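Peer 1: Submitted below is the structure of interest, expressed as structure tokens.
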Amino acid sequence: MVNPGIVATTLLLSAAVALPMPAANARSTAMQARAQETPATETSTNGPADRSAPRTDQNSMTAHAQLLEKAKQGRIDAYFEGDSIVRRWGALDYPELLANWRANFFGWNAANFGWGADRTQNILWRLEHGELDGVGPKVIVLLAGTNNVGTQPRDEQTVAEIARGIKAIIDICQQKTSNATIVLMAIFPRNDNLAVMPTINRINEKLAGFADGTRVRFLTINDRLADPEGKLFDGVLNERDKLHPTIKGYQIWADALKPIFRELLGPPGTTDLAPPPTGDPSAARRPQ
């Protein structure tokens with residue numbers, strides 16, 4: 001049987017790395033990206049949440065190639081990892097969110113390595129295949145798991161499996177970085193189906209148990225995004241999908257992270273050495 005990781009890596013070697021789109025076209029492309037981007041809950045790779053698996057579609061492999069190059073550039077002190085909730089914050093194809101990212105994190109050498117629609121097993125594969133190699137960040141911000149949950153409630157076996165998937169990501173981050181503090185985010189509330197909130201809450205309870213207060217810190221902002229029943233507060237998540245944060249929601253997240261960054265990284269510098277942001281390769285190829 002052919003090893004899928006070898007096949008995916010072979011595809012990677014032939015993947016063309018899309019050039020970043022011009023800033024002048026970013027806003028119009030963002031509008032197209034919002035309409036055409038793969039939904040956050042759509043996944044192309046099934047399988048256990050705690051066993052690495054690649055996304056083998058060409059767009060994801062091209063994005064992986066871009067992120068491998070990004071990992072070799074500049075200086076990265078704060079490394080953000082996750083799915084589309086993470087990705088959109090620092091992406092060329094969401095210029096308004098990118099402006100918020102820069103306003104909050106400039107001077108901390110922060111770089112975004114999220115990729116849309118990834119499940120835990122896909123993030124695990126990307127990290128196993130070079131996206132963190134040689135980077136040496138001081139802080140890793142990790143938000144993952146909502147795509148494993150999806151739009152339907154999950155049983156206890158699946159809850160435990162998703163938690164193990166996130167723990168596997170923590171483990172590989174610790175293997176590849178000797179001194180990084182991992183800020184483990186609670187999975188955000190989502191209201192595309194309010195019935196999934198008990199599942200998310202049970203997973204978050206398990207995630208809290210992974211924190212040791214030093215190398216792994218658990219951080220939740222869910223009480224600032226939703227009420228105790230999980231119903232979203234007005235304006236914090238995208239009204240269309242009730243899943244991705246708005247600028248208001250991202251600012252809540254930033255306000256929770258910045259005291260941790262000041263503690264671990266010191267005050268932000270007057271210059272920033274992080275690599276340039278990337279975007280969705282398919283957005284860069286769409287007609288303007």
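The values are calculated or read from the model by the stated rules, or taken from the named source; none is laboratory data. Just so we're clear, the structure is a prediction, and the values are computed from it rather than from any experiment. Here Cβ is always computed from backbone atoms with ideal geometry, including for glycine, and neighbour counts include all displayed protein chains. Surface areas here come from the heavy atoms of the whole protein model, side chains and all, with no ligands, DNA or RNA. Shrake-Rupley method; radii C 1.70, N 1.55, O 1.52, S 1.80 Å.
Peer 1: Name the residue, out of Gly116, Gly134, Gly130, Gly107, that is part of a loop (DSSP other than H, G, I, E, B) and crowded, with 23+ Cβ neighbours inside 10 Å.
Peer 2: Gly116
Peer 1: Return a yes/no flag: does region 147-160 have any residue that is outside any helix (DSSP H, G or I), hydrophobic (A, V, I, L, M, F, W, C) and in contact with a helix residue (DSSP H, G or I) (Cβ under 8 Å, 6 or more places away or on another chain).
Peer 2: no
Peer 1: A further question follows. Between residues in region 98-117 that are in contact (Cβ under 8 Å) with a residue 40 or more places away in the chain and residues that are among the polar types (S, T, N, Q) and open to solvent by 10 Å² or more (accessible area, probe 1.4 Å), which pairs lie under 6 Å by C-beta distance while being six or more apart or on different chains?
Peer 2: Cβ pairs passing all conditions: Gly116/Thr38; Ala117/Thr38; Ala117/Thr43.
Peer 1: Here's something else I'd like to know. In region 153-165, how many are surrounded by 21 or more Cβ atoms within 10 Å (Cβ to Cβ) and either touching a residue at least 60 places away in the same chain (Cβ under 8 Å) or polar (S, T, N, Q) (or both)?
Peer 2: Matching residues across region 153-165 total 2.
Peer 1: Continuing with this model, one more query. When both residues are 6+ apart or on different chains and their Cβ atoms are under 8 Å apart, which pairs have a first residue that lies in region 203-232 and is more than 21 Å from Arg164 (Cβ to Cβ) and in contact (Cβ under 8 Å) with a residue 12 or more places away in the chain, and a second that is open to solvent by 50 Å² or more (accessible area, probe 1.4 Å) and assigned to a loop (DSSP other than H, G, I, E, B)?
Peer 2: Arg224/Phe233; Leu225/Phe233; Ala226/Phe233; Leu232/Lys242
Peer 1: So Lys242 ticks every box in (1) touching a strand residue (DSSP E or B) at 6+ places or on another chain (Cβ under 7 Å); (2) charged (D, E, K, R); (3) loosely packed, with under 14 Cβ neighbours inside 10 Å but one. Which box is left unticked?
Peer 2: The failed condition is (3).
Peer 1: Going through Asn193, Asn148 one at a time, which residue ends up being farther than 20 Å from Ala49 by Cα, open to solvent by 10 Å² or more (accessible area, probe 1.4 Å) and in contact with a Ser or Thr (Cβ under 6 Å, 6 or more places away or on another chain)?
Peer 2: Step by step, each of Asn193, Asn148 is checked, and only Asn193 is farther than 20 Å from Ala49 by Cα, open to solvent by 10 Å² or more (accessible area, probe 1.4 Å) and in contact with a Ser or Thr (Cβ under 6 Å, 6 or more places away or on another chain).
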